[in-house]
Amino acid sequence: MRIAVIGAGAMGSIYGGHLSQHNEVYLIDTYDKLVQQINAEGLVLEEDGGSNVYHPRAVQSAEGLPEMDLVILFVKALYSRAALEGNRAMLGKNTRILTLQNGSGHEDILGEFVDREHIIIGTTEDNGAVLGLGHVRRGGVGNTNVGMLCEDREGFLLKLKESFETCGFHVRIHENIQQLIWDKLFTNVSLSAVTGILQVKMGYISRNESAWQLTSALLHEAVEVAHAMGLLADEAALAEKIRQTSVNSPEGITSICADLRSGRRTEVDTISGSVVRAAERLGIEVPSHRFVVNMVHAMERRDEESRA
């Protein structure tokens, strides 16, 4: 397949590198030094106890590239629209866009660029970390979970599965991919969101009654929305899972907490914000989630003003 991966961070590099073994792969990133490094020396992945070098073609934009069979989006969700708009030239009538980004509701933005039949959403259980320019460590290896919002009449997901698995990935196709995405989302919209606005480590949530009450309220609202969407969600079981996550990772720092601490914009709009948007469509009130979204954005703007 002809594949473009937008975003050459840890995950974009892992997928772009591996897929380049048996596909025509373009790795798109705006950082010119990174593009030059990958083209000159290759993309180095530390994995399986050693170092492997891969050679996707790195570019700063889609200018001059042919139309793609598949575009994989690996930028932070708040940059998705700009990334796709800036690389619209490679999107043809048969191009599929796959998002494996954190959070939910990405299809709202993808739908501005391709029709519903060409949107693939999912999650990845792989993880990695950037060690240097064009140098990435591949950590845990797991499933790449994918699904579509409508019937896959052309059987594209089976082609994707075959292509990815020849390159070392494990692909699972889900008929109800939203269920899997929301199963992961419940923890992010409750525990993770609260650690962000309180600027605390994960262990604090289970130790502090007030923090736990807010976490529980957020979970309850998310479960109500999920049920209205026709998804399964056992609130008591989810609450216990979230509590155990806090207890078992007392020193853990969530991405929302880390981004706010470092003065970066967060992905709250595709985490808590996705619950708010779904609730609006369904006519459900989610005041705790609205509070979290507004609070996180207020904290982002506060840091921006302090740097001005």
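Per the listing Gly122, Gly105, the residue uniquely of a type in the set (Gly, Ala, Ser) and either touching a strand residue (DSSP E or B) at 6+ places or on another chain (Cβ under 8 Å) or without any contact (Cβ under 8 Å) to a residue 60 or more places away in the chain (or both) is Gly122.
Where helices (runs of 4 or more DSSP H) sit wholly within the range 239-308, those with at least 3 residues that are on the phi < 0 side of the Ramachandran plot and out of contact with any helix residue (DSSP H, G or I) (no Cβ under 9 Å at 6 or more places or on another chain) occupy 287-307. Within the range 39-60, the set of residues being closer than 15 Å to Arg137 by Cα and either surrounded by 17 or more Cβ atoms within 10 Å (Cβ to Cβ) or not small (Gly, Ala, Ser) (or both) comprises Gly42, Leu43, Val44, Leu45, Glu46, Glu47, Asp48, Asn52, Val53, Tyr54. Annotation note: of Ser262, Ser272, the sole residue that is modelled with pLDDT of 95 or more and not aliphatic (A, V, I, L, M) is Ser272. Quick check on my filter: what residues within the range 115-136 are of a type in the set (A, V, I, L, M, F, W, C) and surrounded by 19 or more Cβ atoms within 10 Å (Cβ to Cβ)? Across the range 115-136, the qualifying residues are Ile119, Ile120, Ile121, Val136. Against the criterion of being charged (D, E, K, R) and modelled with pLDDT of 95 or more, Arg281 qualifies. Test Arg207 against the stated conditions and say whether it is free of Cβ contacts under 8 Å to residues at least 60 places away in the same chain and either on the phi < 0 side of the Ramachandran plot or of a type outside the set (Gly, Ala, Ser) (or both). For Arg207, the condition - free of Cβ contacts under 8 Å to residues at least 60 places away in the same chain and either on the phi < 0 side of the Ramachandran plot or of a type outside the set (Gly, Ala, Ser) (or both) - is met. Of all the residues in the range 21-62, those that are modelled with pLDDT of 95 or more and in a loop (DSSP other than H, G, I, E, B) number 12. How many residues are over 30 Å from Ala237 (Cβ atoms), assigned to a helix (DSSP H, G or I) and either in contact with a helix residue (DSSP H, G or I) (Cβ under 7 Å, 6 or more places away or on another chain) or touching a residue at least 40 places away in the same chain (Cβ under 8 Å) (or both) if we restrict to the range 138-186? Total satisfying the criteria: 5.
For Lys93, the criteria (1) surrounded by fewer than 20 Cβ atoms within 10 Å (Cβ to Cβ); (2) assigned by TED's automatic domain parsing to the domain that holds Val71; (3) out of contact with any helix residue (DSSP H, G or I) (no Cβ under 8 Å at 6 or more places or on another chain); (4) in a helix (DSSP H, G or I) hold in every case but one, which is (4). The combined condition, being surrounded by 18 or more Cβ atoms within 10 Å (Cβ to Cβ), within 28 Å of Leu100 (Cβ to Cβ) and of a type in the set (D, E, K, R), is not fulfilled by Glu280. The set of residues in the range 137-156 that are more than 18 Å from the chain's Cα centre (by Cα) and either buried (at least 19 other Cβ atoms within 10 Å of the Cβ) or aromatic (Phe, Trp, Tyr) (or both) contains only Phe156.
The values are calculated or read from the model by the stated rules, or taken from the named source; none is laboratory data. It should be emphasised that the depicted structure is a prediction, and the values quoted were computed from it without experimental measurement. Because the Cβ atoms are built from the backbone with ideal geometry, glycine has one as well, and the counts that use them run over all protein chains shown.
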